[in-house]
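Take a look at the structure set out below.
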Amino acid sequence: MDTLAFEEKRNRVLRAAYKIHTTKTQHIHIDELGDASGVGREVWNILRILGANGKGWLKKSGNIVRFTAEGIEKAEELEKMQIADKERLVLETIFKLGGPTHMDLVPIETLERKLDMDFRELNAILLDFERKKGWVEGPDEAVQLTPSGVREVENPGGGDRHVGVKYETHFYAPFQGGFNQGPGGIQHIHIQNTKNEFDDAIYTLLKAVEESSRLSAVQKMTLAGDISTVQRLGQMEHTPEVIEAASSKIEGINSVLSSTADMISIGMVVMPILRAFFGF
């Protein structure tokens, strides 16, 4: 048996033993453990490695095994690793099913079928994503990634990547409310710009374009392409050539947004962030 295959079986035995230990009894029958772990009679050979003469994680007495303190610690470590793997799988599946922006609503039933996961287990993971991590949102019957959820898939654990640009922008508002306004209808926005805010602006804009009722199919396709280009330019060094190209694309996008009724307010919030990220 190769090392990886044996290690996987060993871990399955240890996890199965831990489940029996925590839900049924601390005195685990070896035949039951073989069935629960799916390794059958191989469990006897595996227990030689896990027992007193091997890892010391389990103690054997006749047909019964019990955990040592070291065994419980190792089993809990494996449980955490398995949970982390499941969480990553759930997040990546929502990402893949979330359409071009990765932020479309995905029905919970679709996730259950795709992942072959029990609803209670899936729901517990989704609640953790929503309430503690802020990676998902949505109604009871469906879920969608937030911008931070998309970032977590694309750059796991990337955190807040500051680029150190602080700016103030002034512009005239065609509507009242939503921001603190200065004299003459001028709005003042102070933003500490970060790479995360830039990414949020991109994803917000892509989603708004996709959901717009006023843009034609051709306009949506063209805008989505231009927005994606700006996103890629944002990942490059900000040379004069990159800044010039970004400026041209951003002003073209802004021209369409400012003339589209259901996109004006989105543009007024998002475009200053995109401009400031490139320093213009």
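For the range 227-248, name all the residues that are in contact (Cβ under 8 Å) with a residue 24 or more places away in the chain and not polar (S, T, N, Q).
If the condition is that a residue be in contact (Cβ under 8 Å) with a residue 24 or more places away in the chain and not polar (S, T, N, Q), then I227, V230, L233, G234, H238, V242, I243, A246 are the ones that fit.
Sort through I273, I253, I227 and tell me the only one that's part of a helix (DSSP H, G or I), in contact with an Asp or Glu (Cβ under 8 Å, 6 or more places away or on another chain) and under 19 Å from P100 (Cα atoms).
I253
Select from the range 62-88 the residues that are open to solvent by 70 Å² or more (accessible area, probe 1.4 Å) and either assigned to a helix (DSSP H, G or I) or over 20 Å from I46 (Cβ atoms) (or both) and list them in ascending order.
The answer is A69, E70, E73, E76, E77, K80, M81, I83, D85.
From T101, T110, T93, which residue is assigned to a loop (DSSP other than H, G, I, E, B) and open to solvent by less than 80 Å² (accessible area, probe 1.4 Å)?
Selected residue: T101, the only one of T101, T110, T93 that is assigned to a loop (DSSP other than H, G, I, E, B) and open to solvent by less than 80 Å² (accessible area, probe 1.4 Å).
Looking only at the range 45-61, which residues are surrounded by 15 or more Cβ atoms within 10 Å (Cβ to Cβ) and part of a helix (DSSP H, G or I)?
I46, L47, I49, L50
Go through the residues of the range 130-138 one by one and say whether even a single one is farther than 23 Å from Q82 by Cα and without any contact (Cβ under 8 Å) to a residue 24 or more places away in the chain.
yes
The values are calculated or read from the model by the stated rules, or taken from the named source; none is laboratory data. Just so it is clear, the structure is predicted and the values come from calculations on it, not from any experiment. Please note: Cβ atoms are built from the backbone with ideal geometry, for glycine as well, and neighbour counts cover all protein chains shown. The area values use the complete protein model at the heavy-atom level, side chains included, leaving out ligands, DNA and RNA. Shrake-Rupley method; radii C 1.70, N 1.55, O 1.52, S 1.80 Å.
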